[in-house]
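The values are calculated or read from the model by the stated rules, or taken from the named source; none is laboratory data. Everything numeric in this text was worked out from a predicted model, so none of it was measured. No Cβ is skipped: glycine too gets one built from the backbone with ideal geometry, and neighbour counts run over all protein chains shown.
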Amino acid sequence: MTTSHEELLPTTRRALTHRIAVAQAEGRAPSLVAAVVRGGRAVWHGARTSVDGNGPDAEVQYRIGSITKTFTAVLVLRLRDEGVLDLGDSLEKHLPGTGAGEATIAELLAHTAGLAAESPAPWWERTPGSLRPELSDVLGEKPPPHPAGRRHHYSNPGYTLLGALVAELRGAPWEQVLRDEVLEPLGLHRTTAQPEAPHAGGWAVHPWADALLPEPLEDLGRMAPAGQLWSTTGDLARFAAFLIQGDDRVLSAESVREMRTPAAPAEPADVVDGATYGLGLQIQHRDGRLLAGHSGSLPGFLANLTFSEVDDVAAVVLANCTSGPLISTVGADLVRIVAEAEPRIPEPWRPLREVDPTVLELAGPWYWGTHPFVLRVTADGLLTLGPLTGGGRRARFRPNGDGVWTGLEGYYAGELLEAVRRPDGTVSHLDLGSFVFTRQPYDADAPVPGGVDAEGWRGIAQP
C-alpha cells in the first residue's frame, strides 16, 4: 500500500520523467527542471538539459517571475492577520498619494483594481529599474483603463503598489521584510532577489533555428514585488507545501485557503477555460481537478507552481528560455500523473471522541419545503448539510460555541445555522439564513414561511 509519505512508484517516476523530457525537447529549452511534492515534502526531482553531464539539481536557481507575486501576497495577508490593515481598506489609507488610492487592497491582490497591465514604456522586464525610481514612474500619467472592482485585469504595477505598502507599514524594504517574515521561517535559503551561484543563465531560442541569444538580467527596482525573485525547485517545493498546509509561523491554514479562494470575476474567455484568480494565486479547473498556483516569466526564464489541495500534490517546473515549453501545462500534467497513478489514500474513518446529545439529535433528514436534506455530525466537530440525493447546495458548518453554527463554503458561507427550540426544549426547526428546515415536508407544527394549508396534503379529486 502506498501512502502520501512513501516514495513514488517506479512507473510514476518514469511517467514524470517522460513528461518533462518531451517538454524540454519539443519546447527546445536549454534546461528544464521539475519537482513533485506530496504529503508536505518533495518526492521527485527531474532535470533535462542540452549540456551533457550538467543536469541542474534542486539547488540551481532560476528566475521565477510572477510567482514573486504570491510571496508579496503572503506578506499582505500577514499584515491583515495582525490587524494592521483590512483588505477592504483603500490603498490611500495606508499609502497616500499614489494616484491609485481609491482601489482597495483586496482589489490589488485580485487584479481587480482597474490598473494597467504594464508600466509605461520602455518595457520594464528588459530595462533597468533605475528608469522607474518612483511609484509615479511605475503607474504613469494615464488614468486607469478600467473602473475598480468591475473586472479582472492582470496588473504588474498593482503588485508594485502592494510591495510599497508592505515596505511602508513595516518600515523596511520589501526584500528585507520578505526575507525576515517568509523566506527564513520556511527555510527558503536559496530564494533571493539577486542571483546567487549556482544559477541558470537566461536564453532566448531563435524561433526558426536551433540557436541561442543571451537575455539581459535586469534588477527590476520598484517593480521587484511583481517579479524579481530567483529560486530553486527545492525551495519552491517547500513553498508549495506551505501553500497547501499553511504554517502558523507565516500564515495559518485558513489564510492560505483564503488565498486560493476565487476573488475576481472571470473574463468570458476565462469562464470557458475554467480559470480565475484568488488573492495572489491563479485558480483553474483542469481535467476535472481544481488547481491553484502561479506561473511566471521574465526574458530568459519560465516558471510554474501548481498544486491540488484535494490530491495533496504539487508540481514545480522551471526553464531558462524566453518561450517554448508550455510550462503551466507541464505543471498541471505532473500533478495529474501522480494523482491518477497514485491516488491519495483517505485517512482512516474515526468516530467522535465525545458525543454531545444536543448536537446528535440534529442529525438525520430535514426538509426545505419538499427537498430532502441530511445533516451529519462529523468527527472533526463540524456539521455537514446537503441534499439526500443528487446535486444541490452543500456546506460544512463550524460551531460558534453558542448553539449557532457558521457556514464555511458555497452558498451558505458565512450564513448562520441555528436549531430553534420550543419552550419544552425540543427542536422545532432549523433556521439557516431565514430558510426553515423541518423534520417533515411543510411541517404544520413549524413556522414555515407563508404558512401551511390547514387541510394538509391531499390527492387530486376524481370527476
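See the values below:
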| read-out | value |
| --- | --- |
| Within the stretch 379-399, tally of residues that are assigned to a loop (DSSP other than H, G, I, E, B), out of contact with any strand residue (DSSP E or B) (no Cβ under 6 Å at 6 or more places or on another chain) and of a type outside the set (D, E, K, R) | 6 |
| Hits in the stretch 71-100 (condition: closer than 21 Å to Q245 by Cβ and acidic (D, E)) | D81, E82 |
| Residue that is modelled with pLDDT of 95 or more and more than 28 Å from the chain's Cα centre (by Cα), where the choices are P214, P128, P173 | P214 |
| Qualifying residues in the stretch 49-58 (those that are surrounded by fewer than 20 Cβ atoms within 10 Å (Cβ to Cβ) and out of contact with any Pro (no Cβ under 7 Å at 6 or more places or on another chain)) - the one nearest to Q282 (Cα to Cα) | A58 |
| For L375: the one exception among (1) farther than 13 Å from A419 by Cα; (2) assigned to a strand (DSSP E or B); (3) of a type in the set (A, V, I, L, M) | (1) |
| Single match in L375, L416 (criterion: in contact with a Gly (Cβ under 8 Å, 6 or more places away or on another chain), in contact (Cβ under 8 Å) with a residue 24 or more places away in the chain and within 29 Å of R350 (Cα to Cα)) | L375 |
| 3 or more residues crowded, with 18+ Cβ neighbours inside 10 Å and touching a Phe, Trp or Tyr at 6+ places or on another chain (Cβ under 9 Å): qualifying helices (runs of 4 or more DSSP H) within the stretch 135-184 | 156-170 |
| Pairs with Cβ under 9 Å, 6+ apart, first in the stretch 127-146 and farther than 16 Å from Y159 by Cα, second in a helix (DSSP H, G or I) | P128/G221; S130/G221; L131/W124; L131/D137; L131/G221 |
| Any hit, the stretch 111-124, residues being closer than 20 Å to I64 by Cα, among the hydroxyl-bearing types (S, T, Y), surrounded by fewer than 18 Cβ atoms within 10 Å (Cβ to Cβ) and more than 22 Å from the chain's Cα centre (by Cα) | no |
| Members of the stretch 401-432 that are part of a strand (DSSP E or B), of a type in the set (G, A, S) and within 20 Å of E258 (Cα to Cα) | G407 |
| Qualifying position, being assigned by TED's automatic domain parsing to the domain that holds H153 and within 22 Å of the chain's Cα centre (by Cα), among L87, L95, L91 | L87 |
| One residue from P143, P147 being more than 22 Å from G88 (Cβ to Cβ) and not charged (D, E, K, R) | P143 |
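For (1) surrounded by fewer than 21 Cβ atoms within 10 Å (Cβ to Cβ); (2) in a helix (DSSP H, G or I), each residue gets a yes or a no:
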| position | (1), (2) |
| --- | --- |
| P225 | no, yes |
| E254 | yes, yes |
| T261 | yes, no |
| L290 | yes, no |
| G296 | no, no |
| N304 | no, no |
| V310 | yes, no |
| L318 | no, no |
